[in-house]
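Undergrad: Mind having a look at this structure? Questions to follow.
Read-outs: derived from the displayed coordinates by stated rules, not from any lab. Model, not experiment: these values are computed from the prediction. Backbone-built Cβ (ideal geometry, glycine too); neighbour counts: all protein chains shown.
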Amino acid sequence: MIWPWRRAVQALVLASVVLFPFIARYGHYLWARQTEKMLSLWEGSAAGLILRGTDALMRAGLPMEESGVAGRRPRKALLARADNFVGSVPWSARVFGVSLTDLLAASESALAAGSLLSVLAVGAIIPLIATVLLGRVYCGWICPVGILLPLIRRLRALVAFLELPVRDVRFSKKNKYALLGAAAAITAAGGLPMLHHIYPPAILSRECHSFATVLFDRAESGLFGFPWGFATGGMLFLGLVALVEVALAPGFWCASLCPGGALYSALSRWKLLRVKRAKSACIDCVICDQKCPMQLQPMTDKTGAECDACGVCVDACPTRALSIRFSRTDAALLILFALLLAPPARAHHIIGIPHYAYDKSFPQAPVLRLRDKIGPYEVTLTAYPGNPKPGEKSEIHVYVADPATNAPYEKPVLLEAHRLRIFGFQEKIADAGEGLVDMGLHKFQVFYPVEANYEVVLVLPGLDGTSTLRFPMVIGEPGSPWRDVALFGGGFLALVVAVRAVKIKRARAAARERIA
Amino acid sequence: MSELTRREFLKNAAATGAALAAGTALLRPAAAETGVIRPPGALEKDEFLSRCIRCGRCGDACPSQAIMMFTEANGEKFSLKPGPGDDGTPIVLPRQQACNLCQKVSGDYLRCTEVCPTGALAKLLKTEVTTKVRMGRARLDKNLCYSYNNKTCGVCIRACPFPGTAMKTGQGERPIFDSNFCVGCGLCERSCIRYPQAIMVVADA
C-alpha cells in the first residue's frame, strides 16, 4: 500500500502551503507584541479564528510562561518556531533553516538574470540531487496540485451522471518540453521570469499568501467579511486548468503540459528509483496501464523518466507483480548520501523590540493616499479614516500642487460625493462644496450614509479643459456588483444541475419500475 | 507507435500555444509604473525583476510587516497598480509601514536579505546599512510641513534612524535632508502627522 503514505505527504505539503502565510502573519504580530490584542479584538471573526488556531498550533507543547511570568505568551520561543516556516511551499521556502527552491524557480531566475548566484545554488541543490536520484518524485509526492486535481476530477462523476458527454482527450507528452523550451527562450531573451505565472504550485502558494494578507489587512481596519479581491490573474489560470481537467482532458496538465514536470522529467533520465515488473507474475491484465495518472504503460515497462513514482500501478496490480525499488548498490550509495545531507545544527536567539510608533497605530492607521494628475497639477487625496464605517465622519484632505514648480494651486477646489449603483448609475450624496483651506490643503468632511461603493469627485473650476477628477471610495464591505452577479450565476447553475440530476434520477427509477 | 496526423499536431500545438500565450500575456514587460520602493538590498530594477521569483519569503521574514507583495489589493490604497512584471514582487509602502532596517532585531543580517533565495535582495549585514541600502530618498514638500510654516513639529527628526547625518535639525525643528546619507527607510514618511504627509520617499530613478 503506497497511496496512504503518498496522500499523507501531499496533504502535509498542502497544509503547509495554506498555513505558512498565517504563521508569517502570526510572527508579525508576535514581533509587534500585538497577539493578545488582536486575539481579543477579533473574537468571533474568521481572522480571529485563524489567528487563534495558528496560535494554538505554534504553542503546542510550550508552557504559557515567559521570563518567569506565568500566563504570559512565550514570545521568544514562538518567534523561534515561526522562523522555521518562511516562504511559499513548495515554490521556495525556508523550512527549519534549510532553504529549498523549486528547480523551475531556480532555473528561470538564473536564466532571466543570465548568471547563477551561490545563494540560489544552495537552495536548489537538495531538489536537484533528489530529482537526479529519485526522478520526478516531486510531481507524485510533493506537488500540492497533485492532490487537488484528483479531487476536482471527481466532478467528472457528476458530469457523467448528468448525462453530459464525458470527454477524454489525450495530448502528446512532448508538449511540455516544447512549452519549457519556448518559455526558456522567452525568459532568456526578455530577462523576466515567466513560468511562475502558469506553474500551478507557484500560483497556489502565491494566492494563499495573498489571501492571508488581504484577510488580516482588512481585519486590522475592522472589516471582517470574506476577503474578496485576494485573487489575482493566476487564480483564473488555475480555474481554467481545473475546468479542462473536468470537462475535456483528465490528467492533461501533469502528463502533457506542466513545465515543471518537463524539467523534472528531463533531469531524471539516470534516476535510480524505478517501477520494476516481475514478468513471471504479470498476467497482462492492463489494469496498471489504465490507472496510470501519467498515461504511461507499466505493463510493458514503458515508464521511464516520465514516471513520478506515485505507486498507483503498484497498488492496482492484482498479482503484485509491480514494485518501486532501487537496486541494492544504488540503495547503499543513497544511504551514504543521506548521511552527508544530515542537517547542520542551527542556533536561534531572537530578541527584538518593535520600532518607534509601532504600537500607537497598530492596527495600522487606515491609510489611503490616492494620486492623480490634472492639467499641470498633481492631486493627492488622503482620507482619514481611509475606509470609514457608514455614518462615521471622514476627513478628506486634498493637496493640489504643480510638481514642476512645487507651487500649490490657489483657486477653489470643490468636492462632490456620489454613491455608485450597479451598472453605472449614480446618486449624489454630497453637493459640490468648497473646503476649508489650511496651509495649502483643502479639507473636507464627508459622511457616507450607507455601506456602498462611492466616488469622490473633485472639481477644479479654475482649470481649462477637463476640470474633474474621480476617486473611488469604498465604505464598509459592499463588495462588487460583479461578485453578486457571479454568485447569482453560480447559484443558478447549481440549481440547473440539481434539477437535471433529480429529473435523471426519476427517469431512471421509472425505467427500472417499467422493467420490474 | 501512432502516426502524427495533422489533427493531432494541431491539437497539441493549440494546447501548448495556449499555455505559452497565458504565460507571456502575464509576463508583458512592466508598465511604466515606477517609483515603488523595494526592500533593502534590492538589486537595480531590471536585474531585480529578473532574479526575483515572487516567493514572498522576504515578506514573511520581515519583523515589522513592512514588505508587501505587490498585488492590486495591496496597491490600491496608494493609487499604485502592479504592471504585469511587477505582480507579486516585494514592495515597501512606507506610509503604511516603514522599514526599520532590523535595528532592534537580533541577528547579523537584515532579515529579508538573509532569507532571499535568489539574491534579488543582496545579503546585507546590519552594519552595512548606511553604505549599501538605498531604497529611495526622502523628499520634503515645504508647503505642507508644519515646521516650515512656523509651527514647530519635529516628529520626523525623532523618527529618523540617522539623525544628524541623513536629517539635520534646522531652526524651529525644520528637517533638513542630506540625500547622501538618506537610505530611504521611510520612517519619517510614516511618522509625519500631516495628511497627506509632507515627506515622501521617492525611489531613485
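Undergrad: Farthest toward the dipole's positive end in the protein assembly as shown, which of A:367, A:493, A:115, given Cβ charges of +1 (Lys, Arg) and -1 (Asp, Glu) about the Cα centre?
TA: Value: A:493.
Undergrad: While we're on this one: What Cys residues in chain A have no fellow cysteine's beta-carbon under 4.7 angstrom?
TA: So far as the 4.7 Å Cβ criterion goes, A:139, A:143, A:208, A:254, A:258, A:282, A:285, A:292, A:307, A:310, A:317 stand without a partner in chain A.
Undergrad: Let me know the longest stretch in chain A that avoids all chymotrypsin sites (Phe, Trp or Tyr not before Pro) found in a DSSP loop with at most 16 other C-beta atoms within 10 Å.
TA: Of all site-free stretches, the longest is A:271-424.
Undergrad: In addition: How big is the shadow of the Cα convex hull of segment B:36-150, averaged over all directions, in nm²?
TA: Convex hull of Cα atoms, orientation-averaged projection: 8.2 nm².
Undergrad: Assuming R0 = 30 Å, can you tell me the calculated FRET efficiency for the pair residue A:516 and residue A:3, based on Cβ-Cβ distance, to the nearest 0.05?
TA: 0.15
Undergrad: Right, here's the next one. For residue A:297 and residue A:431, compute 0.36 nm times the residue count separating them, minus their Cα-Cα distance, and round to one decimal in nm.
TA: That works out to 40.9 nm of additional length.
Undergrad: Let me ask something else about it. Please give the length that would be gained between residue A:159 and residue A:279 if that part of the chain were fully extended, namely 0.36 nm times their separation in residues minus their C-alpha to C-alpha distance (nm, one decimal).
TA: 39.4 nm
Undergrad: Please return the longest stretch of chain A lacking exposed loop sites, where GluC sites (Glu not before Pro) count only if DSSP places them in a loop and at most 10 other Cβ atoms lie within 10 Å.
TA: By the stated rule (loop sites, at most 10 other Cβ atoms within 10 Å), A:44-409.
Undergrad: Under 5 Å between amide H atoms, partner at least 5 residues away or on a different chain: which partners does residue B:37 have, H built in plane at 1.01 Å?
TA: Excluding prolines and chain starts, which carry no amide H, the hits are B:92.
Undergrad: Find the centroid of the Cα atoms in segment B:123-167 and in segment A:400-463, then give the distance between the two in whole Å.
TA: 31 Å
Undergrad: List the aspartates and glutamates whose Cα sits under 16 Å from the Cα of residue A:173, skipping any in the same chain fewer than 8 residues away.
TA: A:245, A:289, A:306, A:308, B:3, B:8
Undergrad: Divide the volume of the convex hull of the Cα atoms of chain B by its number of residues and quote the answer in cubic angstrom per residue.
TA: Expressed per residue, the convex hull around the Cα atoms of chain B is 140 Å³.
Undergrad: Which of the lysines could be linked to residue A:279 by a straight reach, that is with a Cα gap under 20 Å, when you skip same-chain ones fewer than 8 residues away?
TA: A:291, A:302
Undergrad: With N denoting the number of residues in segment A:366-464, provide Rg(C-alpha) divided by 2.2 N^0.38 Å, to two decimal places.
TA: So segment A:366-464 has a normalised radius of gyration of 1.09.
Undergrad: Tell me, rounded to the nearest percent, the portion of alpha carbon pairs in segment A:1-158 spaced more than 23 Å apart.
TA: I get 52 percent for the Cα pairs in segment A:1-158 exceeding 23 Å.
Undergrad: A follow-up question, please. Kirkwood hydrodynamic radius, computed over distinct alpha-carbon pairs, for segment B:150-205: how many Å, to one decimal?
TA: This gives a value of 11.4 Å.
Undergrad: Viscosity 1.306 mPa s, temperature 10 °C: what is the translational diffusion coefficient of chain A from Stokes-Einstein with a Kirkwood Rh over Cα pairs, rounded to a whole number of µm²/s?
TA: 57 µm²/s
Undergrad: Hey, any idea what the orientation-averaged projected area of the convex hull of segment A:164-310's Cα atoms comes to, in nm²?
TA: 13.3 nm²
Undergrad: I would also like to ask the following. Got a sec to turn the phi values of segment A:459-476 into Karplus ³J(HN,Hα) couplings, 6.51 cos²θ - 1.76 cosθ + 1.60 with θ = phi - 60°, whole Hz, x for Gly and Pro?
TA: Taking θ as phi minus 60°, the curve returns 10, 10, x, x, 9, 7, x, 5, 10, 10, 10, 10, 10, x, 9, 9, 10, x Hz for segment A:459-476.
Undergrad: If I model a spin label at residue A:39 and residue B:193 as a point 7 Å from the Cα along the Cα→Cβ vector, what separation in nanometres do I get?
TA: In this crude label model, residue A:39 to residue B:193 measures out at 3.5 nm.
Undergrad: Please tell me the relative contact order of segment A:369-475 in percent, rounded to the nearest whole number, where contacts are Cα pairs under 8 Å and at least six residues apart.
TA: That works out to 28 percent.
Undergrad: Rounding to the nearest 10 and keeping the result within 0 to 90°, find how far the Cα-based axis of helix B:6-27 lies from the longest principal axis of chain B.
TA: 0 degrees
Undergrad: 5 Å is the cut-off here: which amide hydrogens, built 1.01 Å from N in the peptide plane, fall below it relative to residue A:92, excluding neighbours closer than 5 in sequence?
TA: Residues meeting the amide H criterion: A:102.
Undergrad: Report the label-to-label distance for residue A:121 and residue A:240 in nanometres (one decimal), using points 7 Å from each Cα along the Cα→Cβ vector.
TA: In this crude label model, residue A:121 to residue A:240 measures out at 3.7 nm.
Undergrad: List the relative contact order of chain A as a percent without decimals, with contacts defined as Cα pairs under 8 Å and 6+ residues apart.
TA: 13 percent
Undergrad: If amide H atoms are built 1.01 Å from N in the plane of the peptide, which residues on other chains or at least 5 residues away come under 5 Å of the amide H of residue A:445?
TA: A:396
Undergrad: Next question. Which FRET efficiency, nearest 0.05, do residue A:498 and residue A:64 yield, Cβ-Cβ r, R0 51 Å?
TA: So, using R0 = 51 Å, E works out to roughly 0.55.
Undergrad: What spacing in nm lies between the two simple spin-label points modelled at residue A:451 and residue A:335, each 7 Å away from Cα in the Cβ direction?
TA: The answer from the label model is 6.3 nm.
Undergrad: Using the Karplus curve 6.51 cos²θ - 1.76 cosθ + 1.60 with θ = phi - 60°, work out ³J(HN,Hα) for each residue of segment A:298-313 in order, rounded to whole Hz, and write x for Gly and Pro.
TA: 3J(HN,Hα) across segment A:298-313, in whole Hz: x, 5, 10, 6, 9, 10, x, 5, 6, 5, 9, 6, 6, x, 4, 5.
Undergrad: Which FRET efficiency value, to the nearest 0.05, is calculated for residue A:506 and residue A:248 with the Förster distance at 30 angstrom and r the Cβ-Cβ distance?
TA: 0.55
Undergrad: Of the cross-linked pairs A:503/B:11; A:76/B:123; A:37/A:428; A:176/A:505; A:393/B:151; B:126/B:151, which ones have a Cα-Cα span greater than 32 Å in the structure shown?
TA: Long pairs (Cα-Cα over 32 Å): A:503/B:11; A:37/A:428; A:176/A:505; B:126/B:151.
Undergrad: Report, as an integer, the average count of C-beta atoms from other chains found within 10 Å of each Cβ along B:142-151.
TA: 3
Undergrad: Using each residue's phi in segment A:205-218, evaluate 6.51 cos²θ - 1.76 cosθ + 1.60 at θ = phi - 60° and report the 3J(HN,Hα) Karplus result to the nearest Hz, with x for Gly and Pro.
TA: 6, 5, 5, 5, 4, 4, 4, 4, 4, 5, 4, 6, 4, 5
Undergrad: Got the relative contact order for chain B handy, in percent, Cα pairs under 8 Å and 6 or more residues apart?
TA: 22 percent
Undergrad: Then there's this: Let me see the pair-distance distribution of segment A:98-200: every alpha carbon pair, 10 Å bin width, integer percents in order.
TA: 13, 32, 33, 15, 7, 1
Undergrad: Could you work out the local net charge near residue A:46, counting Lys and Arg as +1, Asp and Glu as -1, over the other residues with Cβ closer than 12 Å to its Cβ?
TA: Local charge sum for residue A:46: +1.
Undergrad: Also, I was wondering about something else. Evaluate peptide B:68-79: per residue, the Cβ atoms of other protein chains within 10 Å of its Cβ; return the mean as an integer.
TA: For this peptide, the per-residue mean of nearby foreign Cβ atoms is 6.
Undergrad: Charges only on Cβ, +1 for Lys and Arg, -1 for Asp and Glu: so what's the dipole of the protein assembly as shown about the Cα centre, in debye to the nearest 20?
TA: I would put it at about 2360 debye.
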